[in-house]
DNA sequence: ATGAAAGCGCTAACAT
DNA sequence: ATGTTAGCGCTTTCAT
């Protein structure tokens with residue numbers, strides 16, 4: 001059984017209030033007493049109970065985080081910067097890895113409520129009505145990171161996905177490509193689904209390029225689906241000379257598929273990714289990618305959330321961070337090999 | 001302000017005791033009352049305060065986890081299975097990502113104590129005396145996952161690293177290789193440093209192969225150091241025909257380095273990894289690896305820890321899981337190209 | 001079968 | 001400058 005404040009008080013020969021005062025760094029405690037108290041704390045190995053403190057202060061310093069898949073490099077990186085920002089501000093994280101399990105999400109939202117977390121960060125946009133209802137009822141600050149749900153009531157920290165996809169596609173057009181394949185995301189997703197798809201289409205149209213139905217596929221952001229969708233693209237009569245995948249994972253899958261089918265990246269087909277995950281530097285050829293400022297995204301998300309938690313201040317619109325195209329080896333000018 | 005048990009009691013027209021009883025599924029509550037209480041709970045959106053419960057029950061259902069680097073695929077995968085096992089048993093995780101920051105580790109251990117976590121999982125073996133002292137003072141069940149600290153007092157869930165490295169090296173010998181490079185870990189680490197190194201050496205000796213000093217390098221398990229150590233190996237006069245790296249990340253770095261220097265894997269140099277991370281299937285060629293049962297490791301870790309938490313039962317020795325060599329494309333028989 | 005009241009470890013009025 | 005005491009929201013004797 002751990003020592004309590006009472007034990008410290010008794011050992012130091014003071015009242016619990018005095019102990020509490022030195023614990024919380026208040027003035028009005030003589031140095032002499034302060035010393036005795038600290039000695040007693042040291043001797044007993046006393047650490048104040050966060051539980052009891054939370055109860056009386058009505059403040060838990062806990063933030064709940066819902067991640068779709070912690071084994072994905074993209075989310076792991078955001079999470080690590082979220083954790084860092086939390087730690088810097090003396091908040092702790094309760095992490096829920098839902099891995100597509102909607103029931104688990106509900107369960108955790110309930111846990112979050114029971115634990116009285118002071119804010120919630122959500123990193124996926126597949127919010128159904130039930131979840132939405134639960135969130136609204138909780139009346140806890142909620143912020144979305146890297147995604148945007150249909151709800152206008154929640155603020156998101158994101159890049160301009162439309163513009164980013166537009167710029168990425170435009171870059172390929174600038175390299176002389178006209179037959180540009182697209183491996184998109186889930187069209188039920190606003191940011192990574194719809195917006196990136198629109199960006200792709202409008203860039204083509206803007207470049208005077210006809211949109212070819214067979215060049216357009218949709219995956220689930222993971223390596224495997226990039227591989228499979230690429231396999232379909234390779235069945236098209238006139239092969240695309242470039243492919244834009246809306247996640248680095250899918251781009252890697254696409255590169256592997258191209259290679260496994262005896263073609264070369266980028267000589268035969270250029271590949272462009274999206275995200276700026278660690279994978280971009282690991283592959284050969286290295287992967288050109290439309291990068292999100294992943295680290296910053298996590299940090300900003302936590303800062304905005306904590307501001308809301310502590311001051312009640314809610315941003316009046318989404319926080320848009322800058323995207324940046326990082327050119328590596330997987331894309332080359334058409335016909336330059 | 002969230003509703004409290006008192007609010008529920010008032011709305012249902014019963015005492016708080018009765019509400020508490022239905023909350024905890026006790027008998028001795030008439031169906032009629034139970035119904036009224038549940039209705040009130042529903043109407044108010046009431047969720048019992050975990051804080052208050054923890055205080056009176058003297059039980060938090062919290063487990064602290066210390067991860068060296070959450071952005072590494074290996075740790076992320078263990079963590080995800082730890083989280084799953086925790087969730088299945090109604091425990092929640094407080095995750096600390098130390099990323100080489102020893103101060104942060106100390107800070108978090110203190111947080112763990114204040115939060116009254118019921119157990120701690122640690123996934124790195126760089127425990128210094130100060131940390132060790134703190135852990136011992138806390139008197140909370142501690143378990144190590146995938147690593148083994150020098151202390152004999154802590155139990156670890158690991159593979160037989162010596163045997164695994166021995167088997168891996170032996171596999172390369174079986175393929176006809178004699179000039180086998182080694183990219184090891186930190187020799188201050190028992191499992192991933194010393195034991196794997198011994199396995200490598202003894203396999204060579206057992207195969208009647210002389211140990212060549214220039215073939216032996218040490219890295220920090222990350223991709224970059226695999227790349228850099230491989231660069232050194234390529235400077236040796238008689239190039240190794242195979243290289244064994246004690247992490248998949250380093251193996252990938254080594255493969256990239258070999259390729260960037262105009263050589264081919266596995267035709268010129270075979271590469272063997274260690275861990276069985278997701279990377280093994282992403283690279284081209286795919287990576288042959290001495291795999292740890294990563295998922296199982298996380299699950300078993302949590303099960304053993306929870307058993308100790310709930311029954312006080314401490315295993316009398318380390319839990320050794322089976323390693324398994326998975327042969328992919330990065331290793332081939334010598335002189336078979 | 002239901003309720004009143006004590007107490008979990010702490011903080012914060014309030015007193016002195 | 002220090003101490004007394006009343007809660008924080010819940011569970012759990014102990015009564016009834």
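No lab work stands behind these numbers, since they all come straight from the coordinates. Quantities reported herein were computed from a predicted structural model and do not represent experimental measurements. Using ideal geometry, Cβ is built from the backbone for each residue, glycine included, and neighbour counts are taken over all protein chains shown.
Is the C-alpha gyration tensor of chain B telling us rounded, prolate or oblate? Criteria: a/c under 1.5 is rounded; beyond that, a/b larger than b/c is prolate, otherwise oblate. Prolate is the answer for chain B, as a/c is 1.5 or above and a/b outweighs b/c.
When both bridge partners sit in chain A, DSSP labels roughly 10% of those beta bridges antiparallel. Here the Gaussian network model covers chain B, with springs between Cα atoms less than 10 Å apart; of B:52, B:12, B:254, B:12 fluctuates the most.
Between copies, the label points at residue B:139 (set 7 angstrom from Cα along Cα-to-Cβ) are spaced 4.2 nm, reported in nanometres from shortest to longest. Note: relative contact order over chain A, using C-alpha pairs below 8 Å and six or more positions apart, is 15 percent. Using only Cα atoms and rounding to the nearest 10 degrees, what angle (0 to 90) does helix B:196-206 make with the longest principal axis of chain B? Helix B:196-206 sits roughly 40 degrees off the main axis of chain B. Helix A:161-174 and the longest principal axis of the Cα set of chain A meet at an angle near 30°. Among the residues of A:68-77, the average count of other protein chain beta-carbon atoms within 10 Å of the residue beta-carbon is 5. Using a ≥ b ≥ c from the Cα gyration tensor of the protein assembly as shown (square roots of the eigenvalues), is it rounded, prolate or oblate, where a/c under 1.5 gives rounded and otherwise the larger of a/b and b/c decides, a/b for prolate? Since a/c reaches 1.5 but b/c is at least a/b, the shape of the protein assembly as shown is classed as oblate. Shielding by partners for peptide B:43-54, expressed as the average number of C-beta atoms from other protein chains within 10 Å of each residue's C-beta, is 5. If you average the sequence gap of Cα pairs under 8 Å that are 6 or more apart and divide by the length of segment B:252-337, what percent do you get for the contact order? About 35 percent, as a whole number. A Förster distance of 35 Å, applied to the separation of the beta-carbon atoms of residue B:328 and residue A:198, puts the FRET efficiency at 0.30.
For chain A, the mean residue ellipticity at 222 nm estimated from helices alone is -13500 deg cm²/dmol, where every DSSP H run of n ≥ 4 contributes -39500 (n - 2.57) and the total is divided by all residues, rounded to the nearest 500.
For segment A:5-57, a/c is not less than 1.5, where a ≥ b ≥ c are the root eigenvalues of the C-alpha gyration tensor, and a/b does not top b/c. That puts it in the oblate class. Computed from Cα positions, the angle between helix A:31-44 and the longest principal axis of chain A comes to roughly 70 degrees.
If R0 is taken as 35 Å, the Cβ-Cβ distance between residue A:236 and residue A:99 corresponds to a FRET efficiency of 0.60. With a Förster radius of 35 Å applied to the C-beta separation of residue B:286 and residue A:317, the computed FRET efficiency comes to 0.15.
Distance between the C-alpha centres of segment A:1-34 and segment B:287-337: 48 Å, rounded to the whole angstrom. When the Gaussian network model of chain B links Cα atoms closer than 10 Å, the mean-square fluctuations of B:176, B:208, B:253 top out at B:208.
Gyration tensor over the Cα atoms of segment B:1-142: the corresponding equivalent ellipsoid has semi-axes (square roots of 5 times the eigenvalues, largest first) of 40, 16, 12 Å. Take every Cα pair under 8 Å whose residues are at least 6 apart in sequence, average their separation, divide by the length of segment B:5-57, and the relative contact order is 37 percent. Per-residue mean of foreign Cβ neighbours for A:111-121 is 4 (Cβ atoms of other chains, 10 Å radius). When peptides B:200-207, B:63-70 are sorted by average Cβ neighbour count within 10 Å, with the highest value leading, the order is B:63-70, B:200-207.
Largest GNM mean-square fluctuation across A:293, A:315, A:266, computed for chain A with C-alpha springs under 10 Å, falls on A:315. Label-point spacing for residue A:110 across the identical copies (point 7 Å from Cα in the Cβ direction), in nm and ascending order: 3.7. Report note on the peptides B:273-283, B:229-239: ranked by the mean count of other C-beta atoms within 10 Å, highest first, their order is B:273-283, B:229-239. For residue B:6 and residue B:205, the difference between the fully extended length at 0.36 nm per residue and the C-alpha to C-alpha distance is 64.2 nm. For a paramagnetic label modelled on residue B:150 (point 7 Å from Cα along Cα→Cβ), amide N atoms under 14 Å away belong, within segment B:114-136, to B:125-133. With label points set 7 Å from Cα along Cα→Cβ, the inter-copy distances at residue A:212 are 5.1 nm, sorted shortest first. So the label point goes 7 Å from the Cα of residue A:187 along Cα→C-beta, right? Which residues of segment A:215-244 then have their backbone N under 11 Å from it? Under cut-off, by backbone N: A:217-218. With the simple model of a label 7 Å out from the Cα in the direction of the Cβ, residue B:126 to residue A:220 spans 3.7 nm.
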